[in-house]
């Protein structure tokens, strides 16, 4: 257990990745404004998802109170420690400041048990116990703990595999447009269709370990919630396959991808722009980076080899946490001239630079939103406002992608740099459009009313 | 001396408890916007109160300069290190950026000496040397150092006691409405009226140690300054007993308490709402918490028992600082399955969560204030603005209470959660009222002037 | 190498010295809003200046990628690690989010080589290879590393000296108005005019080591860029000597100094006020401080004496970094009653206080700028706006001076206090002017249009 990664550590703290007041203004009224925490160990993924204020409206509480945050180690059945305070009640927000935004597609909710009871993409099937449209409270009560061996290892043999259906769909879609399709060194993927239980399931066997795909079952941007079709304004409900969807694309292609998919997550509270909420696009950041080009994959640094002290045998660690915790194993094997201090120095330098860039990005997005509100109140026409709303969407993608990614820092500083700067330029363009429109409006306002008082005296 | 708690550590730093720009906007023009520091050891309480920019306008300085901040230990006569730079001058602000907001009721100013020269509640009495209306500069020159043994221990016997008059008044008021009155486990309080010196004084002997009352002589919300009667708009001066008043109530009852008392501390610079300034409502946070229900009191964790190394005798430590500094003695005696790391992890987790909640609360309060200013400038009617001012007061209580409390974190996370969220909802309600009023105003503005230019030409 | 001082550590991070959103709003559109880092060791001064986003538009990159940030030690030829990605291209911004704001006067660009090819003040001279107007990309390719022995030591003898021409000009100007001129303990300065190469050069031999002048060759406010003459609005180009200018004055005299010089660095994006960008006014902070009055100079604390372990000889360390890294040598020799912890405690206390004051200052400056934008949009007259612009300039000086100084904390807390508070009062005055002007405008607006609709019906 890493005691430095505290539980329920709000990202919108001023020392956090997405500090307020920007976070609240930029993301309102999305559920993530209710509670949005720094991640801690994988072992807590399911537990944390059940207690977070935005997911189940305050329904689930720790039986032993807040003090149980100190439970060391994550190898536990969540139902040994959690209690449903509102049994029988529908899925809703029970307390002020909470939201009920969970659904069965959420990656964190998918543990070992439901996989055999879940058809491909979660389509509702008579013989499948669970689907995208299942009642999420019942669904989670059928889960026990977070991710499992079978996510990456086939239980019947030694083969590396992937099982997340949204990813398998992305890898097999006719457009062949994912980062994996464009990767010259990508391994082969053998998709197997299974139907023994009376409904289609799919798994994909890999010809070799490819952690970009294996970790990419969760550490990517994916869509896992209902939303809106921006071309019609109509809801996209959980019965639609778009609510379980993986783009697996570069940040520069994401805005267009969701335009083509006709999907947006939420409507911005102030501008009314139809916006996107990122998950954790980590693998997408990594594709094309210096490390990637050198053949390094996720497991190289996050699951370094180590020697068993007793037997002397080498094995693959499954720590799966920050390499900063074991720099020697993770960095110094390749960076042979470095000391551990030098490795950490590089990571911290990159982090400080990008935190700074994100704060700049937030300045320009925030100013654009403030100007929008002013322009709307001044009566600037809807056509102009719609142009700005689309710019808001694009600028937002180039910011939110990086606050959401847990891999933003040393994975691909060049891409981060380009993307965050691009977003700032888009915000600045939008501000200019608004300023020009308002200046015109104000000139007209001054010109028009002038004659009126003159006419009055008579 | 705890060297981690630096002197004059501004709370409105961005890493602080009440970061700017929110603090300045939310609290202006209250004196605490001049300087507002994280507390350090009890021993410095009086010294820090004399040099802080908001209290004596820059009158008192350290004889040895800023370097004397490094003086280790607090067992000193303040007049050995402080000098009055403006002797003979009236109590006022001598420098830009300072205020002269001290008065004889301030808890920090009351040390051992004046207690015998101070009538009950500080009422002016011919034979009492000092009163609420005394000149505060003269008064402080009659003090020497911070809190004393006699605050909690009767010098004539072994009895635990309390001496702070405002608290004694609260415990004996006919309404019987304090948290102590409602506490089923509360100890007995025997108030003794003393009058040997020709004026009434009161002390209260306790039947057993009750640190909720003993620490609650200072670590509570109390009123210790002049203000305004919100029903008449007239000043409440130091000659009024309301300037030495302890509510001792839950955060949810505070807004109403001060309504009933007809007292408010200051008028907000932007909205003009009559607002409250909290002291440090720590004991109020604690009543009803999980620890409280288990019979734990302030001293259990802040003054744990320890063994004298030489004699082997057990005694009560009087460190009175954060249990994080001595987790073993303070936490692990009860939390027997925890390690020290686990205890700290829990405290830090709670802290991170509440810091995040407070930043959200500030976002909504700030937006409400900005909207108010806009609405007022747009000519929204006073009736609507007054409704919002009262909501401002209520939302403010549910924020300021928690930034002011030094015990906000592990003492009662449930209450903090409920209260801060409640405040946010009130701010959001107020924003809706303002938005609706402004939308109506703007619609009328567009509708009304239209005919004018048309009429002009002829 | 000090691994705690990371590379490219953005000052506008929320934990930084000049946090956003204030930094971006207060400094826009100045180049320092592109990238503005905490300084690291002297050895990196030149390298960091070449890669920073604001200086060369993204032209120079590290050959070995971001990872080379971890290169320990700074004793390297920058051209062994840097590469020009756009050879032959003009000096310009190559990437979004960058600027091309470097020129040959920048202190960091001046290493040993060019000094013999540079006439006094960088005036263009036929026989001098370089001048203020040289192409900066060519110029920097003729540099190798950061500051040098010859900055402070004459290579022909043992004499202490200074060579920075802007400083020599300040010390010899007829007004005799620098802090050095007013310093009763100032050493003598013997300016020697050299002309062997066919153009004038100057150096100044000191009668004794005077690190206030020697360090003051860089650690001062100086002007090193083109700007604008605020009296005419015309550009001041690099051909003008004002682009290589040292005021060497107290913060209270700076606004007037640049008024007299008829020079301003940039026009503020929102108010249009002509503003100043500080370099790093460290020596100016120090003059008149308690330490200065005691005869302590820069080298006393930043270059303390130490003993060679082998020979036992005492020598002057040339670490030139924060005394917090070697408190024993730097502080405890004089502060004999202190422990190292006490020394650090004092420094940290002062730092926390001033960080807080700066955050307050930013609140008031930001509010003033927001009010300005509102007033301008409301049609407040230019005469009023011009009064506010001049107040903006003055308030800005009393803030920017302190965020830019790397010596703000323990060097002169009294001056910092006075100056930052003075700036706040000026901002508040400006806000009052704007509020009054807007109130008047709004009253007229309500009064004027009233008759119009009445006139319409007929």
Stretched fully, the stretch from residue C:94 through residue C:141 gains (0.36 nm per residue minus C-alpha distance, one decimal, in nm) 15.1 nm
With Cα atoms, 0 to 90° folded angle of helix A:382-404 axis to chain A main axis = 30 degrees
Would you mind getting me the FRET efficiency between residue A:339 and residue B:373? Use the beta-carbon distance for r and R0 = 51 Å, nearest 0.05.
-> 0.40
Within segment C:291-311, the residues whose backbone N lies under 14 Å from a label point placed 7 Å from the Cα of residue C:328 along the Cα-to-Cβ direction are C:305-309
Taking Cα atoms, how many degrees apart are the long axis of helix A:340-378 and the longest axis of chain A, rounded to 10 and kept between 0 and 90?
-> 30 degrees
What does a probe at residue C:444 reach in segment C:365-395, counting residues whose amide N is under 11 Å from the point 7 Å along Cα→Cβ?
-> C:379-382
Computed over chain B, Cα set: Rg, Dmax in Å = 24.2, 106
Three-way shape call for the protein assembly as shown based on the alpha-carbon gyration tensor, with the a/c threshold at 1.5 = rounded
Binned at 5 Å from 0, what are the whole-percent values of the Cα-Cα distance distribution for segment A:294-437, short to long?
-> 2, 9, 15, 14, 13, 10, 9, 7, 6, 6, 4, 3, 1, 1, 0, 0
Output row, site residue C:428, 7 Å Cα→C-beta label point, backbone N cut-off 20 Å, window segment B:77-95, residues B:90-95
Fewest-first ordering of A:193, B:390, C:35 by Cβ atoms within 10 Å yields A:193, B:390, C:35
Over all Cα pairs of segment C:115-273, the Kirkwood radius sets Rh, and Rg/Rh then becomes 0.98
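Say R0 is 51 Å: what FRET efficiency, to the nearest 0.05, do residue B:256 and residue C:176 get from their beta-carbon distance?
E(calc), rounded to 0.05, equals 0.15.
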What nm distance separates the two modelled labels at residue B:159 and residue C:197, each placed 7 Å from Cα along Cα→Cβ?
-> 9.1 nm
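Quick check on the exposure proxy: order B:298, C:149, A:301 from fewest to most C-beta atoms within 10 angstrom.
Sorted ascending by nearby Cβ count, the order is C:149, A:301, B:298.
Under the definition of partner shielding as Cβ atoms of other protein chains within 10 Å of a residue Cβ, what is the mean value for peptide B:413-424?
3
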Where does the protein assembly as shown land at 222 nm, in deg cm²/dmol rounded to the nearest 500, when only DSSP H runs of n ≥ 4 count, each adding -39500 (n - 2.57), divided by all residues?
-> -10500 deg cm²/dmol
Starting from the Cα gyration tensor of segment B:364-412, take the square roots of the eigenvalues, sort them a ≥ b ≥ c, and report rounded, prolate or oblate (rounded when a/c is under 1.5, otherwise prolate if a/b is larger than b/c, else oblate).
-> prolate
In degrees between 0 and 90, to the nearest 10, how far off the longest principal axis of chain B does helix B:251-261 point, with axes built from Cα atoms?
-> 80 degrees
Which whole number gives the average count of other chain Cβ atoms within 10 Å of the Cβ atoms across peptide B:53-64?
-> 1
Cα gyration tensor shape of segment C:24-91, rounded if a/c is under 1.5, else prolate or oblate by comparing a/b with b/c | oblate
Taking the alpha-carbon set of segment B:341-426, what are its Rg and Dmax in Å?
-> 15.8, 57
Peptide C:437-447, shielding by other chains (average Cβ, 10 Å cutoff) | 1
Which distances in nm, rounded to one decimal and ordered from shortest, link the label point of residue C:205 to the equivalent label points in the other identical copies, with labels set 7 Å from Cα toward Cβ?
-> 8.8, 8.8
By the mean-Cβ-within-10 Å protection proxy, highest first, C:79-89, A:241-251, B:214-224, A:317-327 rank as B:214-224, A:241-251, A:317-327, C:79-89
Quick one: order C:150, B:163 by neighbouring beta-carbon count within 10 Å, fewest to most.
-> C:150, B:163
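Read-outs throughout are calculated quantities, based only on the coordinates presented, and are distinct from any laboratory measurement. Note that the structure is a prediction, hence the values are computed from the model and not measured. With ideal geometry, Cβ positions are generated from the backbone for all residues, glycine too; neighbour counts draw on all protein chains shown.
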